Amino acid sequence: MTDPAAFTKSEMMIAAAARELAGQRVCFVGVGLPNIAVNLAKRTVAPDLELVYEAGVFGARPARLPLSIGDPTIVSGATAAMSMFELFAFYLQGGLVDVGFLGAAQIDRFGNINTTVIGDYANPSTRLPGSGGACEIAINARQIFVIMRQSKRSFVGKIDFRTSPGNLGGAANAERIRREQGWLGRGPSVVVTDLGIYHFDDDGEMRLDSLHPGATLEAVRDTIGWEPRISPDLAVTPAPTGPELELMRVELDPGGTYIR
Amino acid sequence: MGTSKVASMHDAVAALVRDGDTVAIEGFTHLISFSAGHEIIRQGRHDLTLARLTPDVIYDQMVAAGVARKIIFSWLGNPGVGGLNAIRRVTEGPSASLELEEYSHFGMVARYTAGAANLPFFPIRSYFETDLPVVNPLIRPIESPYGDGTVYAVPPLKPDVTIVHAQRADANGDTQAWGLLGCQKEAAFAAERVIVVVEELVEEAVIRADPNRTIIPGLIVDAVVVEPWGAHPSYVQGAYDRDNRFYIDWDPISRDPAATDAWLAEWVHGLGGRADYVEKLGAERLAGLRPSAPAPSGSVDYGEYR
């Protein structure tokens, strides 16, 4: 069941996202795909990673992958359980979070994120969940990782609502605002999709650095709302390993909620 | 210690929750008083403003039942499952009838904190360069009086009633909880009236043996309701697990208005209270939600000083 030659696009995306966490120390875990990617990283490339959950937990050691990010398993065995005020004020706004790991419904080329509405705010075609903690994570975590599937509806030229700021209209403006306002966050640094891995150029725009096995540049262009910037040193993402697949399929997501 | 505040859920809601009130049933996925929400539905309250960071299935049910005119929130979804379909039906499209007032999690926590501390606002670093202040004019930028930048202010949120579920309290309302603590303390101190619902009523001596675990003092509590399983399908750390099956099953039910009404008729209007609900759920369902093993904390020594 863990034949490394056969894996889904979701498994590739989650494995690639987990590997990006190598060397990181404190990670704020968002709901959904970030949750499985971070828990995989903790079991593979980043065993010392401290998991922070917005529900009010630092140093979580979840024994199972919870459906909701508020779950008793993130408390039992954790370093600290606290009020949400303490979590958001002291840990996040106080600058102790190295990576904020977010999902998104829409993203633009500068890593600005929408999780609020599709369409007009007052009369939306789709009402999305809203910010949750994403708005403050994007501002206060030292850097932001994003994991999301790529499509023309999600990778858009202009997002319908800016829930969480990325590099705004470009790095120059974003960095001036961060400096003037004393933000500790440096903004987005990685976007992992089902097709590849993006990092951000000095001007603040997303750049495709690695294509997943089987993905093509044509598929990338077909699922993105702008002309994507491609690295001259474009790499191929190493396929998920047997142990990564085994952890995802057996331990983290036996029901196949995320990996199918 | 004063007189007992122990009351039935029926009597507590009848006395303390009024039409038009702002009601906060807080608890971040943990310790959500579904029982109180259902009693509010049974008693036919209307025009409520419902505040919660995550409206969750409980507010989806209350909106479906017609008790609410407005929701104040920061994350509107069924965690790990999808949307809140009853709420979506009255917020999307031209016939939208439910008013929404939207913040981020920290913004909501900060609002309760300002309310609890009698402050005119609370400053946070969120909201810069986002569209949230554009659509919610109550989120306002203010200059630091010390000349070192701008922060965003959110106004105090002072519920008429805050309802909190917890592991235990004494008859005076001194309440202890452990596990995820959300912002129940802030929401309770910010409120005009407080109802506490507990798994277990304990002697005052149990509270006094571990004062660090008290999140809400009886000083601000108006009623203590004793209702084991009162948080189901939410959970109580150490007592019972989140009933994820319920959250998943709610999705197809809530997509269909007729199925939603039928569910409310069967599980809310058709029952007298939480004891009936627990009996209807059945011993097997409940047994499956118990922790797989106990994990007691070590005890600490406060010492005696005379």
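Rule-based calculations on the coordinates, nothing more; no lab input. For clarity, every value in this text was computed on a predicted model and none was experimentally measured. All Cβ positions, glycine included, derive from the backbone under ideal geometry; neighbour counts span all protein chains shown.
General remarks:
- For chain B, a simple Cβ point-charge model (Lys and Arg +1, Asp and Glu -1, everything else neutral) yields a dipole of about 160 debye relative to the Cα centre.
- In terms of its C-alpha gyration tensor, segment B:1-123 comes out oblate, because a/c is 1.5 or above while a/b does not outweigh b/c.
- Using the Cβ-Cβ distance between residue B:138 and residue A:123 with R0 set to 22 Å, the FRET efficiency from 1/(1 + (r/R0)^6) comes to roughly 0.60.
- Spin-label model distance (nm) - residue B:285 vs residue A:151, 7 Å beyond Cα toward Cβ: 3.3
- Tensor-based shape of the protein assembly as shown (alpha-carbon gyration tensor, a/c under 1.5 rounded, otherwise prolate or oblate): prolate
- Within segment A:227-241: backbone nitrogen closer than 17 Å to the residue A:22 label point (7 Å, Cα to C-beta): A:235-241
- Computed on chain A, with alpha-carbon pairs under 8 angstrom and 6+ residues apart, the relative contact order is 21 percent.
- Figure legend: label point modelled 7 angstrom from the Cα of residue A:189 along Cα→Cβ; no residues of segment A:105-133 have amide N under 15 Å from it.
- In chain B, Cα pairs under 8 Å separated by at least six residues give a relative contact order of 21 percent.
- Among B:54, B:130, B:22: highest mean-square fluctuation, GNM of chain B, C-alpha pairs under 10 Å: B:130
- Computed from the C-beta positions of residue B:43 and residue B:95, the FRET efficiency with R₀ = 30 Å rounds to 0.65.
- FRET efficiency for the residue B:206 to residue B:249 pair, using the beta carbon distance and R₀ = 41 Å, is estimated at 0.65.
- Averaged over A:73-83, number of beta-carbon atoms from partner chains that fall within 10 Å: 4
- Taking packing as the residue-averaged number of other Cβ atoms within 10 angstrom, the listed peptides A:240-249, B:140-149, A:98-107, B:153-162 run from highest to lowest as A:98-107, B:153-162, A:240-249, B:140-149.
- Furthest towards positive pole of dipole, B:118, B:81, B:277, structure part chain B, Cβ charges: B:118
- For chain B, the square roots a ≥ b ≥ c of the C-alpha gyration tensor eigenvalues yield an a/c of 1.5 or more together with a/b not exceeding b/c, which makes the shape oblate.
- Gain on full stretching of the segment that runs from residue A:158 to residue A:64 - 0.36 nm per residue minus C-alpha separation: 30.1 nm
- Gain in span if fully extended, residue B:70 to residue B:118, counting 0.36 nm per residue against the direct Cα distance: 14.9 nm
- Label point of residue A:222 set 7 angstrom out along Cα-Cβ; within segment A:125-155, amide nitrogens under 17 Å from it belong to A:149-155.
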